[in-house]
1. Mind putting together the pair-distance distribution for region 138-233? All Cα pairs, 5 Å bins, whole percent per bin, short to long.
2. May I ask you to rank Asp90, Asp311 by accessible area, largest first, using a 1.4 Å probe over the protein chains only?
3. Looking at the calculated P(r) for region 170-316, what percent of the C-alpha pair distances fall above 19 Å?
4. Restricting everything to alpha-carbon atoms, can you work out Rg to Rh for the chain with a Kirkwood hydrodynamic radius?
5. Residue farthest toward the positive end of the dipole of the chain, with Cβ of Lys/Arg at +1 and Asp/Glu at -1: which of Gly205, Gly88, Leu234?
6. Using the heavy atoms of the protein chains and a 1.4 angstrom probe, tell me the accessible area per residue for region 216-316 in square angstrom.
7. Write down the Kirkwood hydrodynamic radius of region 89-138, to one decimal in angstroms, obtained as one divided by the mean of 1/r over all alpha carbon pairs.
8. Using the Cα gyration tensor of region 1-54, with a ≥ b ≥ c the square roots of its eigenvalues, what is the shape: rounded (a/c below 1.5), prolate (a/b larger than b/c) or oblate (neither)?
Amino acid sequence: MWNATKFVLMSLGDDFVPETYAAAEAEEAAEHRQFIERWILSLLTTAIENASDGISEYLFSKSTTACYSFFLNDFCGVLIEVSKPFLGDDVAPERRRSFRNTLYTCLDVALRLLHPYMPFVTEELWQRIPRRPDESAPSIMVAPYPKPVAHWKDEVLEARVRDMQDIVQGLRALKQQYNIPDRKRLPAVLRCATEEVAQVFAEYGKVISTLAYLEDITVSTSPDTPPQHAVKVLSETYVVLLNMKGQLDVEQELAKLQKKQADLQKKFEKLQKKRSAATYDRVPQAAQEKDAKMLADMEQQLATTAQMIEDLSNFK
C-alpha cells in the first residue's frame, strides 16, 4: 500500500488537483476515458458493492476479499503496471489528466474501502494524497464510505480484458516453454478470427506489450504463420505467435526435446503395460486412479513435446 501510494503521488505530480466527485461520477466522463480506465472503474464499482454487502451481511471475509482482490490484483497488478504508456509525453494532455484522475479515484476509494479493517495505515496514506475540491472531511474516519456508481459497470469490457489477460499469459507461457527470460522483449503477433475482434484488440496493443514484456505486437487476421515464430492456440478466436528469430540454437533444442520425448515415451509405455496386466485389477483403487492421472499427464506432455518439435523444425 505504501509503494502503490508513493507511485500514484509521483505520477500525479505536485500541482495535481483531483476532479470533483460530480465530475468523476458523471456519465459523460466515460467518453474521455481509455479502455483500461473504464475497465478498472467497472471492477472498482463491483468491489464497492461486495465490500458494502459484506459489512451489511456481517460477512467480513467477503468484504476484505473484495478490497484485497481489487487493490492487489487489479489496481497494483494491472493498472499501475501498465500506467507508463498512458502517462508519457507523447500522450495528449487531456488523456494524461484523465488517467491521473483514474489513478487518484482508485487509490482514494480503495483506502476508504479498507479503512474499517486497516484504520491506521489508511488514515496515514489518505492524509498524504490531494483532496478533491468538494471534499471537506478532515479525516478518512469521517469521509463517506464509497457507494457504487452504476454506469461504471461494463461487463462486456470486463470479458474482453479477461481475454486480453489470457493473451498475455499465453505469450508469457511461450517464453517459459522455450526458456526465454520473461523480461526479454520480443516482437509478437496476435491472430484474431475476425476483423471486428482485431479492431478491438488493436486498441489493447500497448497494454499487452507492457504486461507480456514485448518489443511490439501486431494484430492480424492473416492465417499465415511467419517464419521462426512459436505458436500457441488460445481459443477459436485467438492465436498468439512469438518471434523467436535468433533466440534459439535450433539443433541443440531439437536434440533436447527428442531426448525428452523418448524418455517420456518409455515411461508411458511402461505404465500402459503395468495397467494392462491381468493382475492389475487387484491394485488398490486409489493407486489405479493415481496411475490413470499420471498416464493422462504423460500423454499431454507427449503431445506438447511433439508440437514443440514440429514448431522448432519449421524454424530452420
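The values are calculated or read from the model by the stated rules, or taken from the named source; none is laboratory data. All values derive from a computational prediction rather than experimental measurement. Neighbour counts are summed over all protein chains in view; Cβ atoms, including those assigned to glycine, are modelled from backbone coordinates with ideal geometry. Areas reflect the complete protein model, heavy atoms only, side chains present, ligands, DNA and RNA absent. Shrake-Rupley method; radii C 1.70, N 1.55, O 1.52, S 1.80 Å.
1. 3, 11, 19, 20, 14, 8, 6, 6, 5, 4, 2, 1, 0
2. From most exposed to least exposed: Asp90, Asp311.
3. Above the 19 Å cut-off, region 170-316 has 61 percent of its Cα pairs.
4. Computed over Cα atoms, the ratio is 1.09.
5. The listed residue farthest towards the positive side: Leu234.
6. 66 Å²
7. When all Cα pairs of region 89-138 are included, the Kirkwood radius is 12.2 Å.
8. Verdict is oblate for region 1-54.
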